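Nothing in this text is a laboratory measurement; each read-out follows from the coordinates by a stated rule. Computed from a prediction, not measured in an experiment: that's the story for all the values here. All Cβ positions, even for glycine, are placed from backbone atoms using ideal geometry, and neighbour counts span all protein chains on display.
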Amino acid sequence: MAKFLLVLFALCVVPSIVTARFANDPLLLTGCVYCDTCRCGYETSATKYLAGAVVRVECRKRDSSELTYTKEAVTDSTGHYKILVETDRGDDYCDSVLVKSPDPECSIPNAGRDRARVILTRNNGMNSNARFANALGFLKNTPLASCPQVLQQYQEAED
């Protein structure tokens, strides 16, 4: 009888303790937002990181476009944002998405860099609560005058 109670305890109580531990331990999504001052499609030495940009995490069901979770954040003085995701989103596709730029001269979302897929589940072998999104970018309305020199560093400019 004692063995039966021990097995019952192990099968019922231990999983609930482990689940309760994770339920109160949110995931922390971190990323940054930049202004592509040379309009080249990637970060360069002339890139400016945007303080005050608005970003949103959006999660949708895998088999439909139904939105299941959203949360917004604003970038800090270094252009970085942090979003606490309270619940595991293992059954969803989640993206970090640009919402608004604080700079009217740099407010065009860069296609392909305007959203980043993020994994917001614990069921993937990662021990850490930290999750990282690729950098999101806006394009400057007109490139800086110094861009040819900047791009030459990357051997992107024609001679």
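For LYS71, the lysines whose Cα falls under 30 Å of its own Cα, not counting residues fewer than eight places away in the same chain, are LYS48, LYS61, LYS82, LYS100, LYS140. Derived scalar couplings between HN and Hα for segment 54-59 equal 9, 10, 9, 9, 10, 10 Hz in order, rounded to whole Hz, by the Karplus curve 6.51 cos²θ - 1.76 cosθ + 1.60 (θ = phi - 60°), x for Gly and Pro.
If you place +1 on the Cβ of every Lys and Arg, -1 on the Cβ of every Asp and Glu, and leave all else neutral, what size is the dipole of segment 26-153 about its Cα centre, to the nearest 20 Debye? Let's see the in-between values first.
Numbers: 16 positive and 15 negative charges, 26 e Å.
Charge dipole of segment 26-153: 120 debye, to the nearest 20.
Comparing GLN149, TYR34, ASN127 along the charge dipole axis of segment 26-153, the residue lying farthest to the positive side is GLN149, per the Cβ-charge model. For segment 26-153, the equivalent ellipsoid built from the Cα gyration tensor has semi-axes of 30, 14, 13 Å, listed from largest to smallest.
A Förster radius of 25 Å combined with the Cβ-Cβ distance from ASP25 to SER64 puts the calculated FRET efficiency at roughly 0.30.
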